[in-house]
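Q: Shown below is the structure under consideration.
The values are calculated or read from the model by the stated rules, or taken from the named source; none is laboratory data. Nothing here was measured: the structure is a model prediction, and the numbers come from that model. FYI the Cβ positions are ideal-geometry reconstructions off the backbone, even for glycines, and counts take in every protein chain you see.
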Amino acid sequence: MSDLILYTSEDGESRLQLRVDSGTIWLSQAEIAELFQTTKQNVSLHAKNILEEGELRADSVVKESLTTAADGKNYRTKQYNLDLILAIGFRVRSPRGTQFRQWATTHLRDYLVKGFVMDDQRLKDPGGWDYFDELLARIREIRASEKRFYQKVRDLFALSSDYGLDERATQLFFAEVQNKLHYAATGQTAAELIVGRANPSEPSMALKNWKGSRVRKQDVIVAKNYLTQDEIDTLNRLVVIFLEQAELRVKKRKDLSLDFWRQNVDDLLRFNDQAVLEGSGKVSREEMTQVAHDRYDSFDAQRRIAEVAEADAEDLRQIEELEQELKRKKRDT
């Protein structure tokens with residue numbers, strides 16, 4: 001990972017951090033592709049067009065360097081400096097490219113209106129603030145929190161530099177990871193678990209946990225409400241593995257992104273001998289909801305009958321006690 005990082009801060013603003021040791025920075029096509037979440041081919045095409053159009057001169061923004069590949073051989077690769085990196089950012093068609101242009105537009109607007117651009121974060125802590133140090137601190141805060149396992153996973157994913165660029169895709173990915181964790185801990189997806197365990201004949205419909213004093217309809221479609229303590233313990237331990245992986249990666253000054261998690265969630269589970277879900281399972285959420293609600297209706301009807309019978313029995317008991325009290329009073333008189 002390079003020392004040029006594009007990310008979304010806690011306040012939802014796009015930010016760019018650059019660590020420069022020698023006046024500029026040089027990135028390979030692969031590093032620029034990672035930065036803007038596009039392909040090396042796109043980076044190469046945009047660079048070629050920028051140079052051919054005369055926007056920048058190749059002799060000042062491109063250099064070649066030797067790199068050692070996985071096969072142990074040295075290869076010449078092109079390195080692009082900051083000017084060309086920024087120019088490519090204005091052309092890339094990707095969510096990260098859009099994020100970069102939003103950042104650039106904000107700073108350009110400030111310059112045109114005010115005549116200067118201020119970096120408030122850097123002024124507050126000149127030379128001291130560091131993106132990766134902040135990321136490490138936030139990971140450790142999540143680890144120390146008392147939040148439930150899924151909220152910790154959500155908070156961890158929210159630290160990704162590309163989090164929220166595509167809200168719908170982010171929600172779908174989080175739901176997918178929830179299912180993978182459920183499957184690893186129980187051998188079933190959330191929907192399969194609910195259909196398999198929701199039982200109208202069992203006390204509390206076989207739920208282990210629910211909100212309030214009695215089971216309600218919304219409780220029966222929440223998979224974690226059916227989990228045993230052992231399964232909850234497994235899920236908590238899996239979340240710790242995710243946190244450890246994130247912390248190790250950030251300590252190496254490598255960025256966290258949703259793409260990183262997409263590529264590594266299965267590998268993390270597999271490495272720890274956990275079952276890995278392929279696909280989305282045999283039961284859809286819609287099917288599960290229908291089944292669970294139908295069973296709840298049956299459970300609730302039985303519960304109402306039982307409550308009426310219990311109330312009648314209580315009334316009868318009170319009448320009998322009253323009769324016994326009256327008999328005692330008659331004997332006493």
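Rundown of residues vs (1) over 21 Å from Ser213 (Cα atoms); (2) surrounded by 10 or more Cβ atoms within 10 Å (Cβ to Cβ), yes/no style:
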residue	(1), (2)
Asp297	no, yes
Asp300	no, yes
Arg303	no, yes
Val308	no, yes
Ala313	yes, yes
Leu316	yes, yes
Leu322	yes, yes
Lys330	yes, no
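Q: If Asp259 passes every condition in (1) closer than 22 Å to Gln151 by Cβ; (2) in a helix (DSSP H, G or I); (3) touching a residue at least 12 places away in the same chain (Cβ under 8 Å) but one, which one does it miss?
A: Unmet condition: (1).
Q: Next up: Any residue at all in region 40-52 that's hydrophobic (A, V, I, L, M, F, W, C) and modelled with pLDDT under 85?
A: no
Q: If I ask for residues that are more than 25 Å from Val222 (Cβ to Cβ) and either assigned to a helix (DSSP H, G or I) or basic (Lys, Arg) (or both), which ones from region 232-256 would you list?
A: Glu244, Gln245, Ala246, Glu247, Leu248, Arg249, Val250, Lys251, Lys252, Arg253, Lys254
Q: In addition: Name the single residue, out of those in region 231-262 being under 21 Å from Ala184 (Cβ atoms) and of a type in the set (Lys, Arg), that is surrounded by the most Cβ atoms within 10 Å (Cβ to Cβ).
A: Arg249
Q: Next up: Please indicate, with yes or no, whether at least one residue in region 289-312 is within 28 Å of the chain's Cα centre (by Cα), within 30 Å of Asp219 (Cβ to Cβ) and not in a helix (DSSP H, G or I).
A: Checked against the condition, which is being within 28 Å of the chain's Cα centre (by Cα), within 30 Å of Asp219 (Cβ to Cβ) and not in a helix (DSSP H, G or I), region 289-312 yields no hits at all.
Q: Continuing with this model, one more query. Within region 45-66, can you find the residues that are surrounded by fewer than 16 Cβ atoms within 10 Å (Cβ to Cβ) and either under 37 Å from the mean Cα position of the chain (by Cα) or outside any helix (DSSP H, G or I) (or both)?
A: Listed by number, the residues that qualify are Leu45, Lys48, Asn49, Glu53, Gly54, Glu55, Arg57, Lys63, Glu64, Ser65, Leu66.
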